1. Evaluate the following for D:A222: is it within 12 Å of another protein chain (Cβ to nearest Cβ) and either in a helix (DSSP H, G or I) or out of contact with any Pro (no Cβ under 9 Å at 6 or more places or on another chain) (or both)?
2. Is at least one residue of region A:38-53 in a loop (DSSP other than H, G, I, E, B) and under 30 Å from A:S309 (Cβ atoms)?
3. Based on this model, can you work out whether B:G88 counts as in contact with a Lys or Arg (Cβ under 7 Å, 6 or more places away or on another chain), of a type in the set (G, A, S) and either surrounded by 16 or more Cβ atoms within 10 Å (Cβ to Cβ) or under 30 Å from B:P305 (Cβ atoms) (or both)?
4. Consider C:A331 against the criteria (1) under 27 Å from C:P133 (Cβ atoms); (2) modelled with pLDDT of 95 or more; (3) of a type in the set (G, A, S); (4) part of a helix (DSSP H, G or I): it satisfies all of them except one. Which criterion is unmet?
5. What is the number of the single condition among (1) within 15 Å of the chain's Cα centre (by Cα); (2) under 22 Å from D:H273 (Cβ atoms) that D:L160 does not meet?
6. Which ones in region C:252-270 are hydroxyl-bearing (S, T, Y) and more than 9 Å from every other protein chain (Cβ to nearest Cβ)?
Number of protein chains: 4
Amino acid sequence: MLVVMDHRASEEDVEAVVQTIEEMGYEPEPIPGRQRTAIGVVGNDGYVDEDPFVALDGVREVIHVSRPYKQVSREWRPEETVIELPNGATIGGEGVTIMAGPCSVESEEQILEAARRVKRAGATVLRGGAFKPRTSPYSFQGLGEPGLELLARAREETGLAIVTEALDPSGVELVARYTDIIQIGARNMQNYSLLRAAGSAGKPVMLKRGISATLREWLLAAEYLLNEGESRVILCERGVRNFDDHARYLLDLTAVPSAKQETHLPVIADPSHGTGDRKKVPPMARAAVAAGADGLLVEVHPDPPHALSDGAQSLTPDRFDELMEELEAIAASIDRHLTPAVREAVEAAG
Amino acid sequence: MLVVMDHRASEEDVEAVVQTIEEMGYEPEPIPGRQRTAIGVVGNDGYVDEDPFVALDGVREVIHVSRPYKQVSREWRPEETVIELPNGATIGGEGVTIMAGPCSVESEEQILEAARRVKRAGATVLRGGAFKPRTSPYSFQGLGEPGLELLARAREETGLAIVTEALDPSGVELVARYTDIIQIGARNMQNYSLLRAAGSAGKPVMLKRGISATLREWLLAAEYLLNEGESRVILCERGVRNFDDHARYLLDLTAVPSAKQETHLPVIADPSHGTGDRKKVPPMARAAVAAGADGLLVEVHPDPPHALSDGAQSLTPDRFDELMEELEAIAASIDRHLTPAVREAVEAAG
Amino acid sequence: MLVVMDHRASEEDVEAVVQTIEEMGYEPEPIPGRQRTAIGVVGNDGYVDEDPFVALDGVREVIHVSRPYKQVSREWRPEETVIELPNGATIGGEGVTIMAGPCSVESEEQILEAARRVKRAGATVLRGGAFKPRTSPYSFQGLGEPGLELLARAREETGLAIVTEALDPSGVELVARYTDIIQIGARNMQNYSLLRAAGSAGKPVMLKRGISATLREWLLAAEYLLNEGESRVILCERGVRNFDDHARYLLDLTAVPSAKQETHLPVIADPSHGTGDRKKVPPMARAAVAAGADGLLVEVHPDPPHALSDGAQSLTPDRFDELMEELEAIAASIDRHLTPAVREAVEAAG
Amino acid sequence: MLVVMDHRASEEDVEAVVQTIEEMGYEPEPIPGRQRTAIGVVGNDGYVDEDPFVALDGVREVIHVSRPYKQVSREWRPEETVIELPNGATIGGEGVTIMAGPCSVESEEQILEAARRVKRAGATVLRGGAFKPRTSPYSFQGLGEPGLELLARAREETGLAIVTEALDPSGVELVARYTDIIQIGARNMQNYSLLRAAGSAGKPVMLKRGISATLREWLLAAEYLLNEGESRVILCERGVRNFDDHARYLLDLTAVPSAKQETHLPVIADPSHGTGDRKKVPPMARAAVAAGADGLLVEVHPDPPHALSDGAQSLTPDRFDELMEELEAIAASIDRHLTPAVREAVEAAG
């Protein structure tokens, strides 16, 4: 850490900073400059809290050299995390994992039809919401537990693993009983009570990036999960808020290489929420794989115009079939492949 | 609502939209144009869900004419909501309500000293966090219930009302037992389980704007509270995320007149979190009152350099005294005044 | 266009809007609603100016149904624009055009070495700045006309076409004497005097998107060029401003499919400025092609650590060679190819 | 400056940084840490170019301690710049300078009526555009030189000083012949050719902040002006781009105290462009003065509904009269006053 003093700071101001550093058990290393003095903090094992310094007189700014997160960082664990699911599919490493399905579970017929189609096309994980966070209190909020049961039936029939969202600490236990991966939605990325519950539920967690979260905040939210003992965490980029409305959100694909540089956790992308427009889902799905994403979360609905939510951004199963072929070729161009595990797993089971 | 068709839309596409409108029980009103057709939706009482339309072929965009929120809107209730607190202070209407105190409750001495000083300067509500949402799992997370007890002691001694934050549905009941106003923090603005719990706890709720929430999303979050039966809701602008780092957040003071135009609820501002820098708190506090805010939430700490959180943005009690005089004069310039109720109430009680 | 009235608007207010529409020669089409009235404007050939309406009493908002741009739109010209360069290379259509080279022209040796290497790898256009817009007046501002002469020598030797930036109206004529494509930089996207000069210089123009320009503003800036008679316009996405600093800018690749949906002009991407970090250039270059970009603008420097500008985001020629192979495979996966024209052209010329 | 190394950086990488620092004539000061090494740069007089470092292997980031601007900074010149206009009005210091008038000069009658009214209300500078930068090539672009002549007539009659915009280097000379202050618009903040021309025209310059310019970029743009010899520069905050559309731009009033902390130049605000809505102009004008702005730029039009541009954000003269009274009281609350100079100057002249 570096404490930068104002050019008008007095010697007493500098001395107060030096003392504070020493009180914290670190070693101060003043770096005098022609314009101003800066004081380095040496001897710290990791991130040092800036709060005691910013309130001191004469301090202009505090600059961090260390990162504030630990267990999620590549410095803590250089090799990539690879998560194994009960159906044999993996997330992380060489494979590219495709998770697909409808926004909401609506009926047995709908979820089974979706599951069959996405599995046939090569997906290994089925997505589908039973509890839906909605901006308006008057919108459809999901089927609740019956939706979870339908997901479990789809898993039985197809061998797909399941990812579905939990909305609050008390719901985590229920969701964890059914799902293979607990999803934390973008609105809840900094809902720390929920993170603590999810991190101790014994299931892998997929953490969506908040719509205006920095990479640093996203990784710190993941740190809450690892700090509770759950190391099987998947990061999911799903678009950030921006000034333009040419798309619903601005899918930040550069966050994929940026995050993978900082962390050992797998990073996937959601081009469906990230664009909000089914015409833009295929190009951005391809772009995400080309940028190095470890997987995708794609909305596929047997009948988009009659979807109860997100119909505008759902692909038809036919369009999804085509997309999967394109993705296979793009993955190959960078020496990767779509994870095939589930197919074998299911065949073996069959 | 207006459904705008693509210029290449076929007659069948237009017909499908017309049918969908009719199936929903509304009346379609096609408006043919030289470049494209648009179809108005007539007969709706309020907001119409756009989902069934955006997924249809040939639909370019759906434009809403109605607002998606109801009970929070001025169209629903034209007269301003004025909230009365147990100590006689009010929020909304002609008065400008000052809420002040430390970021976190740290000790009996600290909170009592803060309470005495802000009361003497003219504040009517004491702020102080017992449960703190922190970006890093390694930061100080608040004293918990003992912090609530200390707040209650400060209230007893000074007659100030209390505002403090609840972090999750299960914590709402506990917080509500102690506080006069339940605070919902910016990170939790779209934590719907928390909103539902807070809206049915029987206490006024202060809802902070999310750091990248639009005015529309903020009002919809408030709608969750009113929908649970709690009409005593205060909106608090606290800065939004932006591209520049000259301040920690960008305090969006235009949101004050914008929100007051749309809603009957009182709107206050938090210049402390909104700037993150105690040197910028006084100018932005003055600006908020000049812009028409119904109150302020200001961090004041007896000893900012030793604060356990947010020291950098806390005013000393002396600086707060000066600020209150400036605010009084600014309120007067637009025919308003700082709410004096608590002083009288306490004197009467004494 | 739709003029939406406030719910408190009087009949006189509505009448004033109706009259204004008639005075402008259009036909008003009132759409009464339960909550408020909206008045459609029918009979207009294109975009209607909203200014006369927004200042009227009782008007809540004006909603545009038509697009404000004409000649750049697909509605005006459905088939894609394909630009042919003197060396036989094309931009637009099936091919993917790679433009590469250093940020600034620094010396004969540097530009010739860069040109030879990018040509050998398969690029068809050489980039290089002779006039550099710099945030600080104390930074290197480019070689000026001698830089243009060096670019011309590199073209002679390699057969590559040239793209280089013009900074002001008086510089356009000079730049146009040397270059094959005039570049308009992001900072100048709304420098209308420059756009008018560039649009009448008789050379194709590459228009970079401003760092906070909406798609609509970008297309309107291009409209200035077409309005001056120059229809050979290339749009270049180069990253937008955002709240996070994990990358220098946020490369908005969704703007590629969004723009191509609206306009017939070719759309390329600049992953070098868009990320500011050479480690992120290859993944984002691949992603851009996967998203459907018609080309790339990539910084390549023979010796990045000694570059006079933008060394941090420049690829070495060796890394560029590898990238080109990845790009070839990705283009093939969506039935496209890297434009090969220049190689043949030069061989023919040789 | 501080060069922070990656934790995997080798000793050779560190050595290369040390050598580069020495080659530049500075002194390296390595600060070894447990996680990584950082190398301070000592002995520099000001800002050091980061380009030679960021491209070196093993460098994680470069952190600047000095500011990149010089002449605009308070460190260079601690006392505030006060600009005197020919009519005796001043900008900067204790006074608050009100500049008002229509967006565009439309006719003799219009500009004279506006000038008389804003002068009577207490403004000292008349604003009005003769050359208008417009997003669409099909919008009204201003009267040109005849507009400048009308402004000069209004000055003769009222004694108001004039501020009007120049769009390109060749237009600066013409505008400078007529105006008292040359305005550089937001779109042109980084049009360096224009800045150089304006900085050497011998007239004070008002530099609007670009809609997504950081404070640092804004001050560097001002540095171009001072670097050409013009020290009479006024900064004008006019709203930045944001994700919400509740107002046209997000007026960043915190930029007022932030800028005044960094620079000795006067800082004013434009609540008209900053909100785009005449109902929000008075609250935000008051807020700007309360936040410490040295002046305001306000659009006032004798007949807003018939304005050729920006009618929606123009105040009527009557509303402006009221606003001026509110502003007088707010200025007084912080020991400031509206600059009265022009009234006396004109009386003296009469």
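1. Values: within 12 Å of another protein chain (Cβ to nearest Cβ): yes; either in a helix (DSSP H, G or I) or out of contact with any Pro (no Cβ under 9 Å at 6 or more places or on another chain) (or both): yes.
So D:A222 fits the description; yes.
2. Taking every residue of region A:38-53 in turn, none turns out to be in a loop (DSSP other than H, G, I, E, B) and under 30 Å from A:S309 (Cβ atoms).
3. Details: in contact with a Lys or Arg (Cβ under 7 Å, 6 or more places away or on another chain): no; of a type in the set (G, A, S): yes; either surrounded by 16 or more Cβ atoms within 10 Å (Cβ to Cβ) or under 30 Å from B:P305 (Cβ atoms) (or both): yes.
So B:G88 does not fit the description; no.
4. Condition not satisfied by C:A331: (1).
5. (1)
6. In the first step, residues of region C:252-270 are kept if they are hydroxyl-bearing (S, T, Y); the result is C:254, C:258, C:263.
C:T263, the sole residue that qualifies.
Quick grid of which residues meet (1) surrounded by fewer than 24 Cβ atoms within 10 Å (Cβ to Cβ); (2) not polar (S, T, N, Q):
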position	(1), (2)
C:V82	yes, yes
C:P102	no, yes
C:Q110	yes, no
C:R134	yes, yes
C:P146	yes, yes
C:L150	yes, yes
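Every residue, every condition in (1) in contact with a helix residue (DSSP H, G or I) (Cβ under 9 Å, 6 or more places away or on another chain); (2) farther than 19 Å from D:L85 by Cα, yes or no:
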{"residue": "D:L150", "(1), (2)": "yes, yes"}
{"residue": "D:R153", "(1), (2)": "yes, no"}
{"residue": "D:E173", "(1), (2)": "yes, no"}
{"residue": "D:G185", "(1), (2)": "no, yes"}
{"residue": "D:Q190", "(1), (2)": "yes, yes"}
{"residue": "D:A213", "(1), (2)": "yes, yes"}
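The values are calculated or read from the model by the stated rules, or taken from the named source; none is laboratory data. This is a predicted model, so every value here is computed, not measured. A quick note on method: Cβ atoms are made from the backbone with ideal geometry, for glycine too, and the neighbour counts reach across all protein chains shown.
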